[in-house]
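Reviewing the structure listed below.
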Amino acid sequence: MSGLTNNLLDVWEIMLVNSFNHFRAIAIIFIIAGHSFGVNGMTFDTVFNTTIQNLIAGGTALFVFISGFLFHHIFYKRYEYKKFMFSKVKNVFTPYFLLGLIPVIMYTIKKSDAFNGYFLPIESGFISEYLIPFLKYYTSGRFLTAYWYIPFIMLTFLLSPLHIKYIKLKFNNQLLIITTFSIIALLIHRPVYNINVIQSVIYFTPIYLIGITASIHKELIYEYLKGKEVYIILAVILLATYQSTLGIGGNYHKDPFTYGGIDLMFFQKILLCFFFMVFLNRFESNNNKAIHAVASTSFTAFFIHPFIIFFITKLELGFMAKDSWFLYFAFVLTISATCVLIAKITKKIIPKYSRFIIGY
């Protein structure tokens, strides 16, 4: 009975920020879109094309911001570390482990030399050749596109007692922490190949904390930024365009202790988070079935879209490789709809186990 009560509370509290359901739907479409550039051979040899690329790429930041917001909005009021972590292991890590088992075993046996040979064994023997690579795949998530996010977010969840302490700080102290971590993120960038989980945590932590702070002060943010969305989105577009004129397309990746300039994507995606937060608040009372279907299955879409993209890429469909924005967006919408359909069908067939297998 307590489990049912908690589920009802979760649904009720999320309904209080219905706009964040819309936000979740947009965030997962951004993520799918960012992973779909290569399918139809999109080229980024013009400022316009690269600007569109820069606007779409980095959708993970939206997910992180939402996670921080919902951590405060939903979990903080009844936070218990053991229960919180148990739910995350059950609902996040379990489908990650199960869906990743076959790819990880295949790559481990194959001894793939991808990512500069990071997963290749150093010496012979079962432990070096199989056990260590197996563990490295799971602790990094670099066996399928986007799966690196799970080790990162699980480590973030493990650090949740620190986030609780952060919530209890005065705003000036919170601002100091966000500023400090943001400066570090601007310089450290995202890790090469998204392999270094610690670097990912350092980079995305300020975005997570900004999400938490946005939940704490959401009414002030809505009041202050209402009607200013057009200026925010213009700033986003200008940053994306400026990054394009520098010849930089997509996310910034580098080793942590080398200098690679200022990560403009970091600024841009934070502004985009606030744009969606404030703009979508206009539609707080709107309930669109299609949007809610995408939002409710967003985590499943996160888990299964890499499989769909992988198999479609292997098919080498000639009509897709047209360097066409129309075909590209049609592909993204098709993948998104397919993910929703798979999630709904799986839930219908195995309602008791679908959450463990596909996260829905």
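Conditions tested, residue by residue: (1) under 19 Å from I221 (Cα atoms); (2) in a helix (DSSP H, G or I); (3) not aliphatic (A, V, I, L, M).
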{"site": "I28", "(1), (2), (3)": "no, yes, no"}
{"site": "A33", "(1), (2), (3)": "no, yes, no"}
{"site": "T43", "(1), (2), (3)": "no, no, yes"}
{"site": "F65", "(1), (2), (3)": "yes, yes, yes"}
{"site": "L70", "(1), (2), (3)": "yes, yes, no"}
{"site": "I74", "(1), (2), (3)": "yes, yes, no"}
Legend entry - Checking V104 against (1) buried (at least 20 other Cβ atoms within 10 Å of the Cβ); (2) out of contact with any Gly (no Cβ under 8 Å at 6 or more places or on another chain); (3) farther than 15 Å from F303 by Cα; (4) not aromatic (F, W, Y), the condition it does not meet: (3)
Legend entry - Criterion: at pLDDT 95 or above, open to solvent by less than 10 Å² (accessible area, probe 1.4 Å) and more than 26 Å from I248 (Cα to Cα) - qualifying residue of I66, I74: I66
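Matching residues to (1) modelled with pLDDT under 95; (2) of a type in the set (S, T, N, Q):
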{"residue": "Q243", "(1), (2)": "no, yes"}
{"residue": "I262", "(1), (2)": "no, no"}
{"residue": "K269", "(1), (2)": "no, no"}
{"residue": "M277", "(1), (2)": "no, no"}
{"residue": "F299", "(1), (2)": "yes, no"}
Inset, instruction - Starting from the range 180-196, take each residue that is under 10 Å from D263 (Cβ atoms) and list its partners that are open to solvent by 50 Å² or more (accessible area, probe 1.4 Å) and among the acidic types (D, E), counting only C-beta distances under 9 angstrom and pairs at least six apart or across chains. - result: H189/D255
Legend entry - Whichever residue in the range 145-161 is open to solvent by 20 Å² or more (accessible area, probe 1.4 Å) and not in a helix (DSSP H, G or I) and, among such residues, is nearest to I28 (Cα to Cα): T145
Legend entry - Of the criteria (1) surrounded by fewer than 20 Cβ atoms within 10 Å (Cβ to Cβ); (2) of a type in the set (S, T, N, Q); (3) closer than 15 Å to W325 by Cα; (4) modelled with pLDDT of 90 or more, which one T43 fails: (4)
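Residue by residue, here is whether (1) of a type outside the set (K, R); (2) touching a residue at least 40 places away in the same chain (Cβ under 8 Å); (3) surrounded by 13 or more Cβ atoms within 10 Å (Cβ to Cβ) holds:
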| residue | (1), (2), (3) |
| --- | --- |
| A240 | yes, yes, yes |
| N251 | yes, yes, yes |
| K254 | no, yes, yes |
| K314 | no, no, no |
| S336 | yes, yes, yes |
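Every residue, every condition in (1) β-branched (V, I, T); (2) more than 23 Å from the chain's Cα centre (by Cα); (3) surrounded by 13 or more Cβ atoms within 10 Å (Cβ to Cβ); (4) not in a helix (DSSP H, G or I), yes or no:
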site	(1), (2), (3), (4)
A214	no, no, yes, no
L220	no, yes, no, no
E223	no, yes, no, no
V236	yes, no, yes, no
V278	yes, no, yes, no
V294	yes, no, yes, no
F302	no, no, yes, no
P306	no, no, yes, no
I309	yes, no, yes, no
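Looking at the range 91-109, can you tell me whether even one residue there is under 16 Å from W325 (Cβ atoms), modelled with pLDDT of 95 or more, in a helix (DSSP H, G or I) and within 23 Å of the chain's Cα centre (by Cα)? Explain how you work it out, then say what you get.
Our first condition is that a residue be under 16 Å from W325 (Cβ atoms); within the range 91-109, this holds for none.
Taking every residue of the range 91-109 in turn, none turns out to be under 16 Å from W325 (Cβ atoms), modelled with pLDDT of 95 or more, in a helix (DSSP H, G or I) and within 23 Å of the chain's Cα centre (by Cα).
The values are calculated or read from the model by the stated rules, or taken from the named source; none is laboratory data. If you're wondering where the values come from, they're calculated on a predicted model, not measured in any experiment. Virtual Cβ from ideal backbone geometry, glycine too; neighbours counted across all protein chains shown. The protein model used for the area step is the full one, side chains on, heavy atoms only, and it has no ligands, DNA or RNA in it. Shrake-Rupley method; radii C 1.70, N 1.55, O 1.52, S 1.80 Å.
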